[in-house]
Structures are given as C-alpha cells and as structure tokens.
1. Could you order 6, 187 by accessible surface area, starting with the largest, using a probe radius of 1.4 Å?
2. Using θ = phi - 60° and the Karplus form 6.51 cos²θ - 1.76 cosθ + 1.60, what ³J(HN,Hα) does each residue of region 331-346 get, whole Hz, x for Gly and Pro?
3. At a probe size of 1.4 Å, how large is the accessible area of residue 265, to the nearest 10 Å²?
4. Restricting things to alpha carbons, tell me how big region 172-282 is in terms of Rg and Dmax, in Å.
5. Considering the options 248, 235, 218, tell which one lies farthest towards the positive end of the dipole of region 211-311, charges being +1 on Lys and Arg and -1 on Asp and Glu at the Cβ, about the Cα centre.
6. Please report the accessible area of residue 322 (heavy atoms, 1.4 Å probe, ligands and nucleic acids excluded) in Å², nearest 10.
7. How big is the accessible area of residue 309 in square angstrom, nearest 10, if you roll a 1.4 angstrom probe over the protein chains?
Amino acid sequence: PGNKEFVTGDRIPRPEGGGAGGGGSQASDSGESEDTFRFRLTREEFLEFFFEDMELPDLVKTQLSTLAERKLVRAGWRSDGTPSNLSVLRTMRKSLGRRIALSAPYRQRLREIEDEIVMLGGRLDEDPAADAGDGDAAAPSERLARLYAERQSALSKIARVPFIDTFDLRYNNRIVQPRPISQAVMFCLMDVSGSMDEKRKDLAKRFFILLHLFLTRHYERIELVFIRHHTSARVVDEDEFFHSPESGGTLVSSALELALSEIRENYPTAEWNIYVAQASDGDNWDDDSPKCRQLLVNDLLPLVQYFAYVEIEAEHPQKLWEQYDAARATARNLALGRIRTRADVYPVLRELFARKNQKAAA
C-alpha cells in the first residue's frame with residue numbers, strides 16, 4: 001500500500017547502513033537495533049498459503065447437481081409454533097402496539113377528565129368516595145363527582161387491556177431449504193510390505209499426512225478410507241494406518257481389489273465423487289503388476305474421478321510404475337509422481353492436486 005515507485009519484476013535495493021535492520025556488512029561487538037519490519041503468520045494463514053491453488057479434480061459431477069441436503073433457514077415469523085421458537089422481542093413489539101392502539105381512546109379521554117378535575121379544584125390523588133364519608137370534609141360537587149367516576153371507569157378499562165394476548169405471540173419461522181452438495185471419498189492405499197523399510201514408510205506417511213490435512217481443511221463432506229496392504233489388504237482406522245508395525249510380502253492387487261469392493265458396496269458412483277491415492281515403492285510380485293494394470297484400467301478408473309499413484313524412493317521406475325505409466329496414455333484421470341526425499345513430498349502432493357488452470361499453466 002502506498003507504493004508509487006515499483007512495479008512487478010523490479011528489484012528492490014538492499015538498504016545501506018547497519019542500524020535498524022539495515023543489514024550492515026561488518027560484524028560489531030556493540031550496538032542494538034530492531035528490524036524495520038515484522039512478519040507473522042497464524043496457523044490458519046499458513047495453511048491457507050500452504051494449500052493455495054490445490055483442489056480435488058472434477059469434484060462436482062453432472063449427475064450430482066440434483067442431489068441436495070436439507071437445512072433449516074430463517075423465514076420470518078408465524079403466529080403459532082413451539083415455545084422454544086418464541087421470538088420474545090417480536091412478541092413484545094406486537095403487544096406494545098396492540099395495547100397502545102386499544103387504550104388510546106381511553107387515555108385521551110382520561111387526560112381530558114384529569115385536566116378538568118384540576119381546573120375545578122379537585123385532586124388526582126384523592127379518593128372521592130372516602131372523602132364523601134368523612135364528616136369533616138366537604139362532599140365534592142356533582143360535576144366533580146361525575147368526573148371522578150368517569151376517570152375511574154377509564155382507568156379500569158385501560159387496566160383490562162391484557163399485557164400479552166395470544167394474538168401478540170410471534171414465533172421464529174424456519175423452513176427446510178435444499179442445498180446442493182458434493183459427496184466425496186478418498187481411498188488411501190499404503191504399501192507396508194517388507195521392501196518398504198522405515199525410511200520409505202516415513203515418506204509415504206508424510207505424503208498421506210499432508211493429504212489428510214489438505215482434505216479435512218478444505219472439504220466438509222469427505223470421507224477417508226484407509227487401506228494397508230502387503231500380501232493381503234485390510235481397511236483400518238486412521239491410528240492403525242499410520243502406526244501399525246505389520247508387514248509381509250507384496251501383492252499390490254489385493255489393495256486395488258479391496259478398494260473396488262468397498263466402492264461397489266458402500267459408495268455408489270451415482271452419489272459419490274471417488275478418489276484414490278496410492279503410495280508404494282513399486283516392488284511387486286512379477287505376475288501381479290500386469291494384473292494391477294488390468295484392475296486399474298478395466299475396473300477402477302471408470303469408477304473414480306481421479307487416481308494418484310506415488311512411487312517411493314525407487315532408484316529407477318519399477319514394474320508397477322511401468323504398468324501404470326502405460327495405462328496413463330489412455331486415462332486422463334490417472335496421475336503419477338515420484339518421491340525420493342522428504343523435500344519431494346510437498347511438491348509432489350501439490351503437483352498431483354493442483355487446480356486445472358495451474359496445471360495448464362505449468
């Protein structure tokens with residue numbers, strides 16, 4: 001704000017001098033100063049920046065546009081309802097307006113009567129009936145007595161106007177309003193076979209932790225299904241997915257078959273946006289990799305919105321990568337990435353789940 005000197009692409013010269021954060025070029029054993037700026041980020045701001053320009057590809061299907069969930073929204077007031085929905089403020093406003101309207105003629109007449117009583121020498125705080133029974137007090141004149149009686153009648157009519165009437169009651173009105181929704185499920189498939197040593201598992205877990213954080217932060221209606229596999233696959237909870245020490249041989253197809261079974265049983269494609277993220281070192285039983293490709297191309301890819309495969313710390317592309325890479329030539333919803341070090345985890349995640357316009361620009 002206030003910049004009138006620089007435009008995009010200009011290089012700002014480094015400030016000269018050593019004080020006030022000027023970045024002096026020589027060390028000194030004396031002196032004290034403060035930086036000329038401070039930069040702070042809250043956790044929410046950091047995460048917003050960290051996951052900027054990332055999204056689940058093709059989240060909303062055409063056939064999902066008619067799906068809706070129902071929610072209650074405010075829609076004015078109504079004259080009947082449950083006590084919990086009573087609008088006290090609105091009710092009191094109606095009550096006050098009614099009392100003013102109904103008692104207005106009597107209050108106007110009451111003011112006229114009281115003015116005339118005072119003009120005739122009467123007192124508004126006296127009781128004429130009591131005064132009439134007192135032998136020492138003079139009885140009021142006939143006109144004054146009629147005014148006292150009329151005044152009392154006006155006061156009683158005003159008092160008979162109820163403070164709250166059923167006509168005054170107003171209740172908050174809430175109606176059910178449909179809201180379009182997009183249900184999504186992410187299948188997280190992690191290889192925990194013997195070839196996945198602690199270092200490789202650590203990289204895979206870091207990838208899934210970032211993916212988990214990204215999904216739960218950006219999407220309210222999303223389910224996560226965690227699948228661990230070696231020679232067999234199991235659906236596990238989040239804690240077991242990240243902490244179980246179980247290991248064994250390698251049959252990647254077991255995870256794909258289990259994911260396919262879960263989709264068919266619990267996640268109809270007409271109602272769900274389905275995503276799969278798989279992490280493995282690519283070391284698989286020789287005869288199983290072609291089977292994985294067949295499962296992927298013939299069964300899984302037609303059902304899912306997006307399938308992301310990450311190969312962990314492989315010296316060169318493994319057989320599973322080669323099979324998936326061949327399938328990628330004809331599948332627009334299949335993406336591959338390779339993680340060799342911790343520094344690769346975030347860039348690979350960002351590349352796999354970048355927004356479409358970002359991918360096109362890249």
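The values are calculated or read from the model by the stated rules, or taken from the named source; none is laboratory data. Since this is a predicted model, take the numbers as computed values, not measurements. Quick reminder, even Gly has a Cβ in these numbers, built from the backbone with ideal geometry, and neighbours come from all protein chains shown. Just the protein is used for accessible areas: all its heavy atoms, side chains included, with ligands, DNA and RNA removed. Shrake-Rupley method; radii C 1.70, N 1.55, O 1.52, S 1.80 Å.
1. Values: 6 75, 187 0 Å².
From most accessible down to least: 6, 187.
2. 10, 6, 9, 10, 10, 10, x, 10, 10, 10, 9, 4, 5, 8, 4, 5
3. Around 130 Å² of this residue is reachable by solvent.
4. Calculated on Cα positions, Rg and Dmax stand at 16.5, 63 Å.
5. 218
6. The accessible area comes out at roughly 110 Å².
7. 0 Å²
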